[in-house]
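Peer 1: Below: one structure in structure tokens.
The values are calculated or read from the model by the stated rules, or taken from the named source; none is laboratory data. These figures come from a predicted structure and were not determined experimentally. Ideal geometry is used to build each Cβ from the backbone, glycine not excepted, and the neighbour counts take in all protein chains shown.
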Amino acid sequence: MSTTIMIRAEHAAGERRVSATPDSVKRLVAAGATVLVASGAGAGALLTDAQYEAVGARIVAPADAAGNAPQADVHFHVRPLEPSEVSALPAGAVTLGTADPFTHPDSVAVARDRGVTMLALDLLPRISRAQSMDVLSSQSLVAGYRLVTMAADAFGRMFPMSMTAAGTLAPARVLVLGAGVAGLQAIATAKRLGGVVSANDVRAASADEVRSVGGTFIDLDLETADAAGGYAKALGEDRARRQQQLLAPHLAASDIVLTTAAVPGRAAPRLVTAQMLAGMRPGSVLVDLAAESGGNIEGSVAGERRAVEVAGGAITVIGARNIQSDLPVDASKLLAMNYANYLTPLLADGTLTLDFADELVAGCALTHEGAVVNPRIAELLEGASR
Ligand SMILES: NC(=O)c1ccc[n+]([C@@H]2O[C@H](COP(=O)([O-])OP(=O)(O)OC[C@H]3O[C@@H](n4cnc5c(N)ncnc54)[C@H](O)[C@@H]3O)[C@@H](O)[C@H]2O)c1
């Protein structure tokens with residue numbers, strides 16, 4: 001029987017992205033699935049119900065305030081589902097989207113108790129076969145670009161060096177801390193705007209990666225900190241403090257600081273202390289992509305723009321919050337293809353079959369048939385119930 005996929009409307013305040021576009025729906029329908037789209041689900045990304053209908057989707061009423069959604073086998077969502085949304089799903093339903101289980105363990109517990117299969121695309125193994133499905137990469141790309149435009153907007157100067165008859169304008173000095181997908185995109189974007197860009201990261205490969213997009217790598221001469229899957233591991237306290245000390249003069253020499261450092265499943269590392277902020281030049285702008293997950297910058301608050309006093313004036317510290325949603329059209333376009341690329345190979349003649357021997361299924365699965373199947377999350381939930 002054909003599997004029914006529901007494209008849910010997002011309810012989180014300020015969320016404008018959607019998990020499917022007419023192009024991705026076309027692919028899912030061609031693979032034999034039946035696609036339902038919540039009326040208005042694409043509006044934030046400038047997609048109309050009529051565009052989805054034209055490619056074979058059926059428009060249905062969105063979930064009500066209690067989370068009750070039209071019946072479907074698979075529910076696509078962008079933001080982690082609330083416990084109330086999961087509890088409105090029938091046993092056997094499958095959810096596919098970003099689950100952020102370390103921050104939203106309650107929703108995982110409800111999925112377990114309801115017999116819902118929760119698939120978290122944010123846990124997708126980083127193997128080459130999965131690159132086209134990688135929502136973290138696609139959204140980090142968008143976020144890295146947006147960080148630069150946010151900083152540019154708050155900066156009282158231009159980025160490029162300009163030699164004019166009226167005088168010379170110095171280029172903006174941009175420092176990027178954390179050079180993963182978002183950081184590399186930020187480096188490339190700031191460079192295209194004309195900034196002089198340098199960056200630091202703790203992974204061994206990052207120096208070459210930074211140079212490949214036109215940045216200067218700042219080598220702090222500290223040992224590297226690589227973990228499995230291309231991620232960084234957390235630094236010990238001494239090593240973290242040493243990194244802050246060594247970064248301080250680089251901050252003092254920068255006009256723009258963009259921080260993107262993250263360690264999966266942990267609070268973001270603190271890279272910039274209040275003392276380091278105090279040593280910066282008036283007019284400098286900092287944007288913290290990690291503000292929602294603990295903050296790379298001391299005192300940054302997600303969704304807020306703060307003035308911090310420094311000698312001779314003030315600097316601006318911006319805490320990013322869901323900034324991918326500021327560019328909903330492109331962010332949704334990439335997300336939608338990630339979802340379709342993940343699900344289409346699992347549809348045999350339009351029917352979803354989950355093979356837990358497939359590392360892409362096993363890697364993403366949080367719950368299945370009443371159990372938490374991800375060992376780390378199972379441990380987290382057990383710890384919480386003890
Ligand atoms: N399928 C794949 O093979 C695949 C997919 C996506 C990304 N990647 C690679 O994985 C790497 C990390 O990707 P990400 O952007 O998702 O990482 P991430 O979002 O987990 O972290 C962002 C960056 O912060 C850095 N970081 C952590 N602690 C730090 C500290 N104390 N100081 C400075 N930097 C710190 C990390 O090394 C990382 O580069 C990248 O090199 C990327 O190219 C591989």
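Peer 1: Output the residues belonging to the range 53-70 that are in contact with a Pro (Cβ under 6 Å, 6 or more places away or on another chain) and farther than 23 Å from residue 91 by Cα.
Peer 2: The first filter runs over the range 53-70 and keeps only residues in contact with a Pro (Cβ under 6 Å, 6 or more places away or on another chain), leaving 55, 60.
Passing the criteria: only 55.
Peer 1: Ok, one more. State yes or no: is residue 303 more than 15 Å from the ligand (Cβ to nearest atom) and either touching a Gly at 6+ places or on another chain (Cβ under 9 Å) or closer than 24 Å to residue 161 by Cβ (or both)? Spell out how you get there, then give the answer.
Peer 2: Working: more than 15 Å from the ligand (Cβ to nearest atom): yes; either touching a Gly at 6+ places or on another chain (Cβ under 9 Å) or closer than 24 Å to residue 161 by Cβ (or both): yes.
Judged against the criteria, residue 303 is a match.
Peer 1: List the pairs whose first member sits in the range 114-134 and is acidic (Asp, Glu), whose second member is away from the ligand (no atom under 12 Å from the Cβ), and whose Cβ atoms are under 6 Å apart, counting only residues at least 6 apart or on separate chains?
Peer 2: Sorted first by the residue in the range 114-134, then by its partner, the pairs are 122/98.
Peer 1: Okay, moving on. What number of residues in the range 189-221 are more than 7 Å from the ligand (Cβ to nearest atom), part of a helix (DSSP H, G or I), without any contact (Cβ under 8 Å) to a residue 40 or more places away in the chain and not basic (Lys, Arg)?
Peer 2: Within the range 189-221, residues that are more than 7 Å from the ligand (Cβ to nearest atom), part of a helix (DSSP H, G or I), without any contact (Cβ under 8 Å) to a residue 40 or more places away in the chain and not basic (Lys, Arg) number 4.
Yes or no, residue by residue, for (1) in contact with a strand residue (DSSP E or B) (Cβ under 6 Å, 6 or more places away or on another chain); (2) within 30 Å of residue 5 (Cα to Cα); (3) of a type outside the set (Ser, Thr, Tyr):
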site: 282; (1), (2), (3): yes, no, yes
site: 306; (1), (2), (3): yes, no, yes
site: 310; (1), (2), (3): no, no, yes
site: 316; (1), (2), (3): yes, no, no
site: 331; (1), (2), (3): no, yes, yes
site: 347; (1), (2), (3): no, yes, yes
site: 360; (1), (2), (3): no, yes, yes
site: 368; (1), (2), (3): yes, yes, yes
site: 371; (1), (2), (3): no, yes, yes
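Peer 1: To continue, here is another question. Of (1) within 16 Å of the ligand (Cβ to nearest atom); (2) of a type in the set (A, V, I, L, M, F, W, C); (3) not assigned by TED's automatic domain parsing to the domain that holds residue 33, residue 278 satisfies all except one. Which?
Peer 2: (1)
Peer 1: Oh, and also: Would you check if residue 354 is among the aliphatic types (A, V, I, L, M) and under 21 Å from the mean Cα position of the chain (by Cα)?
Peer 2: Values: among the aliphatic types (A, V, I, L, M): yes; under 21 Å from the mean Cα position of the chain (by Cα): no.
It is false that residue 354 is among the aliphatic types (A, V, I, L, M) and under 21 Å from the mean Cα position of the chain (by Cα).
Peer 1: Return the pairs, sorted by first residue and then second, in which the second residue is part of a strand (DSSP E or B), the first residue lies in the range 244-258 and is over 10 Å from residue 175 (Cβ atoms), the beta carbons are less than 8 Å apart, and the residues are 6+ apart or on different chains.
Peer 2: 244/272
Peer 1: Pick from 267, 248, 262: which is more than 10 Å from the ligand (Cβ to nearest atom), in a loop (DSSP other than H, G, I, E, B) and in contact with a Gly (Cβ under 9 Å, 6 or more places away or on another chain)? Reasoning before the result, please.
Peer 2: On the way: 248 fails: in a loop (DSSP other than H, G, I, E, B); 262 fails: more than 10 Å from the ligand (Cβ to nearest atom).
Being more than 10 Å from the ligand (Cβ to nearest atom), in a loop (DSSP other than H, G, I, E, B) and in contact with a Gly (Cβ under 9 Å, 6 or more places away or on another chain) holds for just one of 267, 248, 262, which is 267.
Peer 1: Related question: Looking only at helices (runs of 4 or more DSSP H) that lie completely in the range 1-91, which have at least 3 residues being closer than 20 Å to residue 340 by Cβ, touching a Phe, Trp or Tyr at 6+ places or on another chain (Cβ under 9 Å) and touching a residue at least 24 places away in the same chain (Cβ under 8 Å)? Even if it seems obvious, please write down each step before you answer.
Peer 2: On the way: elements: 22-30, 49-54, 83-87.
Helices (runs of 4 or more DSSP H) meeting the threshold: 22-30.
Peer 1: Hey, residue 224 hits all of (1) in a loop (DSSP other than H, G, I, E, B); (2) modelled with pLDDT of 95 or more; (3) more than 7 Å from the ligand (Cβ to nearest atom) but one; which does it fall short on?
Peer 2: With (1) in a loop (DSSP other than H, G, I, E, B); (2) modelled with pLDDT of 95 or more; (3) more than 7 Å from the ligand (Cβ to nearest atom) applied to residue 224, the lone miss is (2).
Peer 1: Which of the residues that make up the range 365-386 are hydrophobic (A, V, I, L, M, F, W, C), in contact (Cβ under 8 Å) with a residue 24 or more places away in the chain and within 17 Å of residue 100 (Cα to Cα)?
Peer 2: 365, 366, 372, 377, 380, 381, 384
Peer 1: Inspect the range 140-149 for any residue being more than 15 Å from the ligand (Cβ to nearest atom) and either surrounded by fewer than 19 Cβ atoms within 10 Å (Cβ to Cβ) or not in a loop (DSSP other than H, G, I, E, B) (or both) and give the result as yes or no.
Peer 2: In the first step, residues of the range 140-149 are kept if they are more than 15 Å from the ligand (Cβ to nearest atom); the result is 148-149.
Filter again for either surrounded by fewer than 19 Cβ atoms within 10 Å (Cβ to Cβ) or not in a loop (DSSP other than H, G, I, E, B) (or both), leaving 148-149.
Looking for residues that are more than 15 Å from the ligand (Cβ to nearest atom) and either surrounded by fewer than 19 Cβ atoms within 10 Å (Cβ to Cβ) or not in a loop (DSSP other than H, G, I, E, B) (or both), one finds at least one in the range 140-149, hence yes.
Peer 1: Scan (1) assigned to a helix (DSSP H, G or I); (2) of a type in the set (A, V, I, L, M, F, W, C); (3) at pLDDT 95 or above for the single condition residue 377 breaks and write down its number.
Peer 2: Status for residue 377: all satisfied but (3).
Peer 1: Given 113, 122, which one is under 22 Å from residue 8 (Cβ atoms), within 16 Å of the ligand (Cβ to nearest atom) and among the charged types (D, E, K, R)? Spell out how you get there, then give the answer.
Peer 2: Details: 113 fails: within 16 Å of the ligand (Cβ to nearest atom).
Within the list 113, 122, the selection yields 122.
Peer 1: Looking at the range 163-187, which of its residues are within 23 Å of residue 249 (Cα to Cα) and either in a helix (DSSP H, G or I) or within 10 Å of the ligand (Cβ to nearest atom) (or both)?
Peer 2: Within the range 163-187, 176, 177, 178, 179, 180, 183, 184, 186, 187 qualify.
Peer 1: Which one of these is touching a residue at least 12 places away in the same chain (Cβ under 8 Å), within 30 Å of residue 44 (Cβ to Cβ) and not in a helix (DSSP H, G or I): 300, 325?
Peer 2: Numbers: 325 fails: not in a helix (DSSP H, G or I).
After applying the criteria, what remains is 300.
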